[in-house]
Amino acid sequence: MSDCVSLVEISVSCSNLLDKDVGSKSDPLCVLLQKNQETWSEVARTEQVENSSSPSFSSRLRLQFHFESVQNLKFCIYDIDNKSIDLKDDDFLGGAEMTLGQIVSSKSVTRPLQLKKNKPAGKGSITVTAEEIKDNRAIELELEAKNLDKKDTFGKSDPFLEIFKQGDNGKWILAHRTEVVKNNLNPVWKKFSVPLHTFCSGDLDRPLKVDCSDYDSDGSHDLIGSFSCSVASLQKTLSFDCVHPEKQKKKKSYKNSGSVNVKSCKILAQYTFLDYVMGGCQINFTVGIDFTGSNGDPRSPQSLHFMSSDGMNQYLTALWSVGQVIQHYDSDKLFPAFGFGAKLPPDFQAAHHDFALNFNPSNPYCQGIEGVVESYRKVLPQLKLSGPTNFSPIINHVSSIAAGATANNTASQYHVLLILTDGEITDLDQTRDAIVRASALPLSIIIVGVGPADFSAMKLLDGDDGVLKSTSGEKVQRDIVQFVPFREFKESPMAALASSVLAEVPSQLVSHFKARALDPLKPPEKK
């Protein structure tokens, strides 16, 4: 998922710093630390601003942003004498901890500075602002050719195009290859889109070379002709002569081997996950927990719902892992949480497949991940685990909420449903239909399989091995399901599970809003 990794530029300013120098103000600089497991290490630092208690640092701190991970950061302000590289406790003016997710979702975060042992650093505060560094443009091209030379003995040519950009070292680098149009001297290639950085390094005047060749299955493609251009010339010129260099040398009367025509050429904004989040898109997190009888009696140590001495089990470990990452992208931190597959008090009659975890269907929201955990622990002893294992009711429930978010036709809301389950799904056909319908909505579904069961049906829903279809044969509009068995991460750090299950969410969000031609609420300013 490297295309979803973004480079973020962070700017830092402070106000009301403590004065450590006698007769003058401090000479501060900012050191950025990042936490890796339990160790803090320096990743960047700003320049030193002399004699200032409210500095704005011109140096920008750059970090790769990963949505699927919690990136804990610490900003430390020091008063450094004589531009010493040694950071001493006596020179510490205060620090603040926050995650990169908090910064990018808010764009700008202001926090009070604290000394060691959480002691306030006077009235000092720090403001951290994030900006993504990325040329978000793409070139969209539609090309055709006319009157190409016939290269095949028993048929017409099978032409395709290869577009190369000139590298900084002068060498040609392949930027895009079209599909092959079989047996056609007047081909029309499919419209295609390429990131402008990939196509021409963002330089509209960078030299490009286009080769038109006749495809051969053994790889010995025959050149029909070439031409030189740039993105700027593609925008202005409608037709380019396709010239074969050898024919040009041999025949004075030779004009071309056909022409390549530009049907359309557009430079479009290609927005990223960060563009949408920093532009105001809220990610709404919903939890669904499996309370079917196959989990075992929660009072038994063999049950997947059994609480260990530390008050945890596999369900809660998975919930904490994913929730700790995603909660930073939801401003109100109110998460609806539901259960399925249990009989409820007081009558314990039919099993319920979409009940509020807090037993309040009109207000199923829990305050933060802590609230979801608290509701789970409170409700567990009151339930009678039952069955069957039906997913479609909760998927349809969240889909109806996501459908409401599409009414205003803006990129303002996106939903992520986390389903924690122990086993084989009972309503597979209904669930397939629900997912296919949901694939048109601003929704991603994460399924974490808990326990030792056979999860082959879950892998089918994931769709990585093929396109998921409904019972009527309708294909999903986009891949929205990610399945991960918890057992593969049982011995790994908690963050590893979150990284795996959340890795596809950024591209899923972007693909939805792109398909609906929705720009971020507040698009990034053009530079």
Give me PHE285, PHE227 sorted ascending by neighbouring Cβ count inside 10 Å, so fewest comes first. PHE227, PHE285
Furthest towards positive pole of dipole, VAL505, GLY473, ALA495, structure part the range 456-508, Cβ charges: GLY473
Quick check for me: using +1 on Lys/Arg Cβ and -1 on Asp/Glu Cβ, what's the dipole size of the chain about its Cα centre, in debye to the nearest 20? 1580
With respect to the cross-link table entries LYS191/LYS522; LYS182/LYS236; LYS263/LYS514; LYS209/LYS236; LYS25/LYS123; LYS117/LYS333, which display a Cα-Cα separation exceeding 18 Å? LYS191/LYS522; LYS182/LYS236; LYS263/LYS514; LYS117/LYS333
Check which residues have an amide H placed less than 5 Å from ARG45's amide H, if you skip close sequence neighbours. LEU32
Taking θ = phi - 60°, what integer Hz values does the Karplus form 6.51 cos²θ - 1.76 cosθ + 1.60 yield along the range 354-366, in sequence order, with x for Gly and Pro? 6, 10, 5, 5, 8, 6, 10, x, 7, 8, x, 7, 10
Could you give the length gained on full extension between GLN382 and ASN409, defined as 0.36 nm per residue of separation minus the Cα-Cα distance, in nm? 5.6 nm
Using alpha carbon centroids, what distance separates the range 277-315 and the range 439-456, in Å? 14
Can you compute the modelled spin-label distance between ASN396 and GLU144, with each label point 7 Å from Cα toward Cβ, in nm? 4.8
Taking H as built 1.01 Å from N, whose amide H comes closer than 5 Å to the amide H of GLN413, not counting residues under 5 places away? GLN282
Using each residue's phi in the range 476-493, evaluate 6.51 cos²θ - 1.76 cosθ + 1.60 at θ = phi - 60° and report the 3J(HN,Hα) Karplus result to the nearest Hz, with x for Gly and Pro. 5, 6, 7, 6, 10, 10, 10, 10, 9, x, 4, 4, 6, 10, 4, 9, 9, x
Tally Lys/Arg at +1 and Asp/Glu at -1 over every other residue whose Cβ is under 15 Å from the Cβ of VAL128; what's the total? +2
5 angstrom amide H check on LYS156, placed H, neighbours 5+ away: none
Could you check the simple spin-label distance between LEU204 and ASP89, using points 7 Å along Cα→Cβ, in nm with one decimal? 5.8
So if R0 is 60 Å, what FRET efficiency would ARG137 and SER300 give, r being the distance between their Cβ atoms, rounded to the nearest 0.05? 0.55
Starting from the Cα-Cα distance between PHE154 and LYS252, subtract it from 0.36 nm times their residue separation and give me the gain in nm to one decimal. 32.5 nm
Alpha carbon centre of the range 1-70 versus the range 196-249: separation in Å? 46
Using 19 Å as the cut-off for backbone N distance, which residues of the range 132-153 belong to the label zone defined by a point 7 Å from the Cα of LYS191 along Cα→Cβ? 137-145
Per the rule of 0.36 nm per residue minus the C-alpha distance, extending GLU50 to ASN360 adds in nm 105.8 nm
Where in the range 46-119 are there GluC sites (Glu not before Pro) that are in a DSSP coil and have at most 16 other Cβ atoms within 10 angstrom of their Cβ? GLU47, GLU50
If I model a spin label at GLN235 and LEU334 as a point 7 Å from the Cα along the Cα→Cβ vector, what separation in nanometres do I get? 4.6
Where does the Debye-calculated log10 I(q)/I(0) of the chain sit at q = 0.05, 0.08, 0.10 Å⁻¹, using only Cα point scatterers of equal weight, no solvent? -0.30, -0.70, -0.95
Hey, fewest Cβ within 10 Å first, where do TYR254, TYR315 land in order? TYR254, TYR315
Please arrange ASP218, ASP297, ASP433 by counting, for each residue, the other beta carbons lying within 10 Å of its beta carbon, fewest first. ASP218, ASP297, ASP433
Cβ-Cβ FRET estimate between ARG478 and SER456, R0 fixed at 25 Å, reported to 0.05: 0.65
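Read-outs throughout are calculated quantities, based only on the coordinates presented, and are distinct from any laboratory measurement. This structure is a prediction, so every number in the text was calculated from the model and none was measured. Methodologically, a virtual Cβ is constructed for each residue, glycine included, from the backbone with ideal geometry; neighbour enumeration extends over all protein chains shown.
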